[in-house]
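Down below is the structure, laid out as structure tokens.
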Amino acid sequence: MQRPYQCLAAIGPTPRNPTSNFHLLAACGPRLLLLSLDEGGIVSEWSPADAVAEVPEDDEDGGGERPKKKQKTAAQAKPANIIKLTTSCNEQYVVAVTDDKCVRVFSLVDGKLREISQRCMPKRPCAIQVLPDNTTIICGDKFGDVYSLPLHPEPALEAGAEPSVATETTPEIKGKQAFKPSATNLTVHTQRNRKSLEAQMAQKAFSAKKEPLKFDRKVLLGHVSMLTDVAYAIRNVDGAERRYIITADRDEHIRISRGPPQSHIIEGYCLGHKEFVSKLCIVPGTDLLVSGGGESELYVWDWAAFTLKGTISLCDAALSMRVPGMNELSKLDSNGSVQDSISAKKDIAVSGLWVVPCQAQDDTKEAALLVAVERVPGLYVLPTSKLHVVDGKEPGLTLLNLDHPPIDVACIGDSFVVTLDAREEGQDRIRAFKMRHAPGPTQAGSMECTRDEELEEKLRCINTHAVTDSGAEAKALDDLLYGVANLRKRRGWVEPGKAGDDDPDGEAGAEDVAED
Amino acid sequence: MAGAPKKRQKRDESKQEEGQMPQKKFYRQRAHANPFSDHDLTYPASPAAMDWSQHYPAFATTTPSSIPTHDPRTTPPDPNNEIQVPQISQQVQIADIGCGFGGLLFALAPKMPSTLILGLEIRTSVTEFVQEKAKALRLQHASSGLYRNVSCIRANTMKFLPNFFVKGQLSKIFLCFPDPHFKARKHKARIVSGTLNSEYAFVLAAGGRVYTITDVEDLHLWIAKHFEGHASFERVGEEELEGDECVETMRRETEEGKKVERNGGRKFVVVFRRLEDPPCP
């Protein structure tokens, strides 16, 4: 049994740094691998065990004890899987989020991964991005808040200094204060509550509250619902650059807010989804936003005008692609079955939206949108130029059949790399493809895909890389890779929902539960 | 809730004629409701998809309303414009969030008969009470045409406020005696928070006001702190408030306010004005 790679990120040469190599980052469980595509080998590997040795010096005196201990026990017990991976625009830093709510920043110095900081967020992050200024990270969490953190945390704060947390976190209690209930005799109206109040008055002192996390972070904006995705958009208006943060939540909202420092101003909403929104994708170079969620349709928005341009049905992927060289013949015959299973499926959950480069008929460079539906062994493809079509005729999607469900996609040069949920030994976990328009008249914008053999050769080492800690059980892997379907709300009965996060007593579903 | 079916039976039996006021005792429901749990709520996909003519039949029109249809924020997300939603001649301008049994609504309604007022309440029975009362009052005052501008909806405003109102639609928001949620870990459930204030700012027009009142001093300080800390709001001073009759109405006419007075408690009022948005940096 082998672990699939659950996250991918590509690092390439930048205009500023044209001589650097292409690198690929792949996360396998709790480990992070760095692969150099020029040398064709794994050049660096990071695992949480390394973190124990390298506790960063910028920890608090009081808090320094705790993270160390946590680290040791975590490494011995169950190392946290990496759930999100992203890079900074200048390709020098990597930010990873692990299952233990930690945001870890790595530097890529001399082609080696080195963890330079780790910060534990209050709630599990669901989306993370480094802003183009390469100094700030925005991070959205399941609770509904979007935070901004500096890429590099500040050195240890002075003892007793207040962290600049602009939210209502629980205030620090210096020493034990007398307990002062907020309610008084006048505000309490029923017998039972009055008795509770008397009991509280008799209580002597506070029990010590949890220490707040002492690092610089700011709440930029928040939803009351669970956040599912965050995107950062820049738009040119009259020559000036305007920045926006687009957030999607479980209650079908897509909100567009101004970027920091005015992120408390909501510009508008793109409303129309009938089920949860799980993924957002901004089409570069346009004002188009594609969103997918718990429905069989993708929504295409002009986000700057808050209007819906059209929807794309995933059930109607008319064409299916034959990829030469792949062992897909058996799939081709039952080709209809992949598509039928989608149409028959009532519960579609979009698990990924990516824009990848593709070649147009006249060899110019274009872009294509890739759509992954949870647990479906294929990727839907649509050229981004077709997203503008709004004459009622739906643009045709092409379905790229794959051996296994795709988990993540990254772009390297003109090709893109897909990581698959391949759990048997010997199966390829990572494949590389090149996308282009099919030759001939482009009626339905059919796409053609070829395997990038050259790139796959270089990725061979990742495909064969054995992972020593094979604690990967099927159920744990499923939970890690396939969480999107859980976002669906079950109407008709009261569910704990996200209040379950901060209501360990199960107070959620409270209409019948006594609350004191 | 075992109590509900029995009460509903009694409620139906006692109803004798149209126009008779509903009795609160048949509509009692527990004061607390969890705004996070997925109630079987219905809400429109967007403000333009909402059929307001059901709530304000006196204002229904057959011709397109004054709500401009080219405004993308009110156009239904339906590029082929297949669905036609009945329109009303003007938009709701005043919202009472957590209106309870409607004391404030029914006190304000006759004072501004040409302004549409909406009560939002999360508890089912209580919403029904207000709706029944509105119907009864309209019948009783059929000749003068009063109370046609007030209605109530069951809604979770913490999550779905933007589903009902477009940007800058409201001129007044009332938050009367909200649930204090004393425990620190329940603070996120409070009706006022830094992040939720952005939504209030979104649905309020510039110059609009948020009126708040509570008898819990701690909550009052919390509300004041969070609105003051939000760049889209500024506090309205005492002098300016003196001329505003809404403040007096809010103090005196809500059910909770009357209860507080009976018990000899204090009322803390604070009002904020929604400022213009600054230009983008």
Across (1) touching a His at 6+ places or on another chain (Cβ under 6 Å); (2) within 11 Å of chain A (Cβ to nearest Cβ), B:MET158 clears everything bar (1)
Quiz item: Has segment A:256-272 got any residue that is open to solvent by 30 Å² or more (accessible area, probe 1.4 Å) and touching a residue at least 40 places away in the same chain (Cβ under 8 Å)?
Solution: yes
Quiz prompt | Test result for A:ARG255, among the charged types (D, E, K, R), within 12 Å of chain B (Cβ to nearest Cβ), over 16 Å from the mean Cα position of the chain (by Cα) and under 20 Å from A:VAL130 (Cβ atoms) | solution = no
Residue hits (segment B:162-180; within 13 Å of chain A (Cβ to nearest Cβ) and closer than 21 Å to B:ALA224 by Cα) are B:PHE177, B:PRO178, B:ASP179, B:PRO180
By residue number, the members of segment A:86-136 that are farther than 15 Å from A:SER44 by Cα, open to solvent by less than 30 Å² (accessible area, probe 1.4 Å) and touching an Asp or Glu at 6+ places or on another chain (Cβ under 7 Å) are A:ARG104, A:SER117, A:MET121, A:PRO125, A:CYS126, A:ALA127
Here the qualifying pairs (Cβ atoms under 7 Å; residues six or more apart or on different chains; first in segment B:163-192 and open to solvent by 30 Å² or more (accessible area, probe 1.4 Å); second in a strand (DSSP E or B) and basic (Lys, Arg)) come out as B:LYS172/B:ARG209
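For (1) in a loop (DSSP other than H, G, I, E, B); (2) at pLDDT 85 or above; (3) over 26 Å from the mean Cα position of the chain (by Cα), each residue gets a yes or a no:
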| residue | (1), (2), (3) |
| --- | --- |
| A:GLN2 | yes, no, no |
| A:ALA9 | no, yes, no |
| A:LEU25 | no, yes, no |
| A:ALA51 | no, no, no |
| A:PRO56 | yes, no, no |
| A:ASP59 | yes, no, yes |
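When the residues of segment A:369-389 are narrowed to those that are among the aliphatic types (A, V, I, L, M) and assigned to a strand (DSSP E or B), which ends up farthest from A:MET435 (Cα to Cα)?
The first filter runs over segment A:369-389 and keeps only residues among the aliphatic types (A, V, I, L, M), leaving A:369-373, A:376, A:379, A:381-382, A:387, A:389.
Checking which are assigned to a strand (DSSP E or B) leaves us with A:369-373, A:379, A:381-382.
On the way: A:LEU369: 11, A:LEU370: 11, A:VAL371: 14, A:ALA372: 16, A:VAL373: 19, A:LEU379: 12, A:VAL381: 9, A:LEU382: 10 Å.
Among residues in segment A:369-389 that are among the aliphatic types (A, V, I, L, M) and assigned to a strand (DSSP E or B), the one farthest from A:MET435 (Cα to Cα) is A:VAL373.
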Only unsatisfied item for B:GLU217, checking (1) within 13 Å of chain A (Cβ to nearest Cβ); (2) under 26 Å from B:PRO278 (Cα atoms), is (2)
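Residue-wise test of (1) more than 13 Å from every other protein chain (Cβ to nearest Cβ); (2) in contact with a Phe, Trp or Tyr (Cβ under 6 Å, 6 or more places away or on another chain); (3) open to solvent by 50 Å² or more (accessible area, probe 1.4 Å).
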site: B:TYR200; (1), (2), (3): no, no, no
site: B:ARG209; (1), (2), (3): yes, no, no
site: B:THR212; (1), (2), (3): yes, no, no
site: B:GLU239; (1), (2), (3): yes, no, yes
site: B:ARG266; (1), (2), (3): no, no, yes
- Query: Does A:ALA199 meet the test of being surrounded by fewer than 21 Cβ atoms within 10 Å (Cβ to Cβ) and at pLDDT 90 or above?
  - Reply: no
Within segment A:220-231, restricting to residues that are facing chain B (nearest Cβ under 7 Å) and over 15 Å from A:LEU487 (Cβ atoms), the one that is surrounded by the fewest Cβ atoms within 10 Å (Cβ to Cβ) is A:VAL224
Among the residues of segment B:116-128, are any under 25 Å from A:MET226 (Cα atoms) and away from chain A (no Cβ under 12 Å)? yes
Scanning segment A:294-303 residue by residue, those within 18 Å of A:VAL355 (Cβ to Cβ) and without any contact (Cβ under 8 Å) to a residue 60 or more places away in the chain turn out to be A:TYR299, A:TRP301, A:ASP302
Looking across segment B:268-281 at residues that are over 30 Å from A:ARG243 (Cβ atoms) and away from chain A (no Cβ under 11 Å), the single one that is most open to solvent (accessible area, probe 1.4 Å) is B:VAL269
If we ask which residues in segment B:213-252 are within 18 Å of B:ASP96 (Cα to Cα) and not in a helix (DSSP H, G or I), their number turns out to be 4
The number of residues in segment A:283-298 that are under 20 Å from A:GLU374 (Cα atoms), assigned to a strand (DSSP E or B) and within 19 Å of the chain's Cα centre (by Cα) is 5
Exception for B:PRO79 within (1) at pLDDT 80 or above; (2) touching a Gly at 6+ places or on another chain (Cβ under 8 Å) falls at (1)
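Can you find a residue in segment B:251-264 that is among the small types (Gly, Ala, Ser), surrounded by 17 or more Cβ atoms within 10 Å (Cβ to Cβ) and at the interface with chain A (Cβ under 10 Å from one of its Cβ atoms)? Can you show your working first?
Let us first name the residues in segment B:251-264 that are among the small types (Gly, Ala, Ser), namely B:257, B:264.
Narrowing further to those that are surrounded by 17 or more Cβ atoms within 10 Å (Cβ to Cβ): B:257.
Okay, now just the ones that are also at the interface with chain A (Cβ under 10 Å from one of its Cβ atoms), so none.
Taking every residue of segment B:251-264 in turn, none turns out to be among the small types (Gly, Ala, Ser), surrounded by 17 or more Cβ atoms within 10 Å (Cβ to Cβ) and at the interface with chain A (Cβ under 10 Å from one of its Cβ atoms).
The values are calculated or read from the model by the stated rules, or taken from the named source; none is laboratory data. Keep in mind that what you see is a predicted model, and the values were worked out from it rather than measured. Glycine also receives a Cβ, built like all others from the backbone with ideal geometry; neighbour counts cover every protein chain displayed. To get the accessible areas, we keep the full protein, side chains included, count just its heavy atoms, and leave off ligands, DNA and RNA. Shrake-Rupley method; radii C 1.70, N 1.55, O 1.52, S 1.80 Å.
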